[in-house]
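Accompanying notes for the structure given below.
Please treat every number below as a calculation from the coordinates, not as lab data. These figures come from a predicted structure and were not determined experimentally. All Cβ positions, glycine included, derive from the backbone under ideal geometry; neighbour counts span all protein chains shown.
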Number of protein chains: 2
Amino acid sequence: MSIPTGAQGLPGLAYPEASLKRLSIELTEKYAGTFGAETVHRYVLESYTALLRTAKVRSHLLAQTTHFVNERLTAVAQAAGAAAHDLPEILYVCEQNAGRSQMAAAITTHLAAGRVHVRSAGSVPADRLHPAVVTVLAEVGIPLEDAYPKPLTDDVVQAADVVVTMGCGDACPLYPGKRYEDWSLADPSTLDLDGVRSVRDEIIGHVEGLLASLERRHSAV
Amino acid sequence: MSIPTGAQGLPGLAYPEASLKRLSIELTEKYAGTFGAETVHRYVLESYTALLRTAKVRSHLLAQTTHFVNERLTAVAQAAGAAAHDLPEILYVCEQNAGRSQMAAAITTHLAAGRVHVRSAGSVPADRLHPAVVTVLAEVGIPLEDAYPKPLTDDVVQAADVVVTMGCGDACPLYPGKRYEDWSLADPSTLDLDGVRSVRDEIIGHVEGLLASLERRHSAV
């Protein structure tokens, strides 16, 4: 039984102290003038713990933490007016952030080709992406390799212009001044591959509609 | 269909903006000199969103948010050396924070009678406490009315002297310098009332052992 350095009693994944500290220092430099070192360090540790809680695959935990913290800090900065908010921000929320919201985010990024910025989250994040979802997106040429389930946090809701929920009902705080939509879609975890393809195609239809309406709104301004 | 004030599109629970703002102001005064208003406000909104995500019963969400934020801010302050840390801090972690870790926390608070401070959390918090757990603790005169499932956050791990995990394996970051224990206990959600009583009695035995060992350690110093 191997005991992790410095921790008494329980074997397990040693806490990657040096890497997280390095990440905190890097991000403190990146966000200098917007956030203090203490805030950045808190965000790094909180985000790491939040992902560690549910992730089964741990090999990319550090890369995922880096991405998650960056998204969250950028969101806080945007909501506070301290970072650019030039593109419409869309947030997709489902229960597990393993199927529907991940497909919607990847499809939107693909179809919008730089005209919007997209985030996704789950009310009860799963331990990994649904393999079938990765498969059916690969079939239409959309990669999902770097995607990972993550919990819904306040910061990304605050930064969103449009929040789309899918089967997680009222797990998302409703802030004034945002556009909220609820898309009714079957849960991919209950479907066979053809069923997941249908959900993918439904999502493509929804996303095209959403992008067209944002386009109209933008050109009307 | 009623639309919440200011939010377009989706009906649901309106965001209690005024109450959360009031809570932020109160806590900013309480923690003056330790945390800035911005940090406190972030903690309030994050904690509210985290509880909203999984809670089904919403009637106590504000009281629970108040308690959760206070616990978290105190934990950060303790870990940073800015708040008193006179008593041993014990953290119980299970998967749902609905059964085992809630029983352990309540039993410890009861038996320790002020000699330790206790927190509990879950890697995947449930939407409510197991009713059977509330019942079997009431039988031995321990109330659980105000308890609620909450996610494991980095701050409470940092502040802990002893972390006890129960069936959530490696979902908890292992920090150096802490004592870690893992208690093997059956999951109350799979048991009848007599089974839950057995788990309760097992936990009482474990807690008595833990408190005795902390006592010995303290008197040895």
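In what order do A:TYR92, B:TYR180 fall by count of nearby beta-carbon atoms within 10 Å, going from fewest to most?
On the way: A:TYR92 29, B:TYR180 20.
Ordered from fewest to most neighbouring Cβ atoms within 10 Å, A:TYR92, B:TYR180 come out as B:TYR180, A:TYR92.
Is chain B rounded, prolate or oblate when judged by the Cα gyration tensor, a ≥ b ≥ c being the square roots of its eigenvalues, rounded requiring a/c under 1.5 and prolate requiring a/b larger than b/c? Since a/c reaches 1.5 but b/c is at least a/b, the shape of chain B is classed as oblate. Express in whole angstrom the spacing between the alpha-carbon centres of the stretch B:141-180 and the stretch A:150-221. Taking the Cα centre of each part, the stretch B:141-180 and the stretch A:150-221 sit 34 Å apart.
For peptide A:19-29, the mean count of partner chain Cβ atoms within 10 Å of a residue's Cβ comes to 0. When only Cα pairs under 8 Å and 6 or more residues apart are kept, what is the percent relative contact order across the stretch A:69-130? Worked out over the stretch A:69-130, it gives 37 percent.
The stretch between A:ALA138 and A:SER213, if pulled fully straight at 0.36 nm per residue, gains 24.3 nm over its current Cα-Cα span.
Helix B:100-112 and the longest principal axis of the C-alpha atoms of chain B enclose an angle of approximately 70°. Enumerate lysine pairs in the protein assembly as shown that are 8 or more residues apart or on different chains, then count those whose Cα atoms are under 16 Å apart. Summing the qualifying lysine pairs gives 4.
Using Cα pairs closer than 8 Å and at least 6 residues apart in sequence, work out the relative contact order for chain A, in percent.
Working: 319 pairs, mean separation 40.1, N = 221.
Value for chain A: 18 percent.
Relative contact order (percent) for the stretch A:16-85, with alpha-carbon contacts under 8 angstrom and 6 or more residues of separation?
Numbers: 41 pairs, mean separation 19.9, N = 70.
After rounding, I find 28 percent.
For the peptide A:40-49, the mean number of other protein chain Cβ atoms found within 10 angstrom of a residue's Cβ is 4. Working from label points 7 Å from Cα in the Cα-to-Cβ sense, the A:ASP86 to A:GLU202 distance is 3.6 nm. With its label point defined 7 Å out from Cα along the Cα-to-Cβ axis, B:LEU193 lies at 5.1 nm from the matching points of the other copies, in increasing order. Relative to the longest principal axis of the Cα atoms of chain A, helix A:17-30 runs at roughly 50 degrees.
Using alpha carbons only, the radius of gyration of the protein assembly as shown set against its Kirkwood radius gives Rg/Rh = 0.97.
Model label sites at B:ALA63 and A:ARG58, defined 7 Å from Cα along the beta-carbon direction, differ in position by 3.9 nm. In this rough spin-label picture, where each label sits 7 Å from Cα along the Cβ direction, the B:ASP127-B:ALA37 distance is 3.8 nm. Put simply, the amide H of B:ASP182, placed in the peptide plane, has neighbours under 5 Å in B:THR165, leaving out anything fewer than 5 places away on its chain.
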